[in-house]
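Data first, discussion second: the structure below is written as structure tokens.
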Amino acid sequence: MDNYQQIAAWLAAASRTVVFTGAGISTESGIPDFRSPGGIWATSTPVEYHDFLESADARYEYWRQKAAAHRDYARCQPNIGHQVLAQWQARGRLRGLITQNIDELHQQAGSTGVLELHGTARKVKCLACDEIREADPWVAAFLESDQPPSCPACASPLFKHATISFGQALDRATLAKSMKLSQEADLFLALGSSLVVHPAAGLPQLARQRGARLVIITRDETPLDGLADLVLHEPLGAALEAIAAALP
Ligand SMILES: [Zn+2]
């Protein structure tokens, strides 16, 4: 039995499989990993949440960076990795899907109920009244006017992408649901995540501590490799396709 057949057998036998994805699943769609040398933070210092709240200059810089980053992924499409996971979910093989990604490519591939630990860059949200809108028109308006937009509902200037900024706390309900799923998992697949950003990276540990089998598939070594039942360091899309082909 090869590694793909082994993972497929575990997946077929599991009843509470939880999938956790990171940037590595989206790099194959052409979305740069924000920590990589080509990512936006190689050339810009990210705006801290506290500064966004306090300073109009910081809000301008925030929108400038977000508008530039928006171009990186607005045209990107889901890849075979996203599609395989959406198929597994549709066939009842997954209990839950947790992601660190903010690109909504899982949803575009057909996944539902995705827990977005770091929010979504495809929407903008008011910090004062929770008004939420599609991001595209607001990015376009910023590029045209060179002025950060205000909330269309309450006129607050605290109107930003619905992502978790540096220095901003994760959404508590999303984190609580993710932790519960991880604790209840009997198979946990950590895919395309470097497993270094906490608390997100604590989820596979939580699953493993509660007795789940842990599989890690990602390009580079992770701090949790020693904890896993099986580790593959290889391109994710091809690996998921091979596992799908090995399923009964
Ligand atoms: Zn508002």
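The values are calculated or read from the model by the stated rules, or taken from the named source; none is laboratory data. Everything quoted here is computed from the prediction, not taken from an experiment. Ideal geometry is used to build each Cβ from the backbone, glycine not excepted, and the neighbour counts take in all protein chains shown.
Inspect all residues belonging to segment 159-167 and state whether any of them is away from the ligand (no atom under 16 Å from the Cβ), more than 17 Å from R59 (Cβ to Cβ), at pLDDT below 95 and under 25 Å from the mean Cα position of the chain (by Cα). Steps first, answer last, please.
Within segment 159-167, the subset away from the ligand (no atom under 16 Å from the Cβ) is 163-167.
Checking which are more than 17 Å from R59 (Cβ to Cβ) leaves us with none.
For segment 159-167, residues away from the ligand (no atom under 16 Å from the Cβ), more than 17 Å from R59 (Cβ to Cβ), at pLDDT below 95 and under 25 Å from the mean Cα position of the chain (by Cα): absent.
Whenever a residue of segment 2-14 is more than 13 Å from A185 (Cα to Cα), it has no partner that is of a type in the set (S, T, N, Q) and crowded, with 17+ Cβ neighbours inside 10 Å lying with C-beta atoms less than 7 angstrom away and at least six residues away or across chains. When the helices (runs of 4 or more DSSP H) confined to segment 2-66 are screened for residues that are at pLDDT below 95 and surrounded by 15 or more Cβ atoms within 10 Å (Cβ to Cβ), those reaching at least 2 such residues are found at 23-27.
Counting only residues that are assigned to a strand (DSSP E or B), within 16 Å of the ligand (Cβ to nearest atom) and among the acidic types (D, E), segment 106-148 holds 1 of them. Annotation note: of L232, L206, L236, the sole residue that is of a type outside the set (V, I, T), closer than 13 Å to A190 by Cα and either at pLDDT below 95 or crowded, with 20+ Cβ neighbours inside 10 Å (or both) is L236. Taken together, the residues in segment 150-159 that are outside any strand (DSSP E or B) and crowded, with 19+ Cβ neighbours inside 10 Å amount to 1. Count of segment 76-94 residues, restricted to those that are in a loop (DSSP other than H, G, I, E, B) and not charged (D, E, K, R), is 6.
Summed over segment 161-201, residues that are crowded, with 22+ Cβ neighbours inside 10 Å, assigned to a loop (DSSP other than H, G, I, E, B) and of a type in the set (F, W, Y) total 0.
A155 meets the stated requirement of being of a type in the set (G, A, S) and either more than 22 Å from T222 (Cα to Cα) or within 16 Å of the ligand (Cβ to nearest atom) (or both).
Please verify whether T99 is assigned by TED's automatic domain parsing to the domain that holds E234 and touching an Asp or Glu at 6+ places or on another chain (Cβ under 7 Å), treating the condition exactly as stated. Against the criterion (assigned by TED's automatic domain parsing to the domain that holds E234 and touching an Asp or Glu at 6+ places or on another chain (Cβ under 7 Å)), T99 qualifies.
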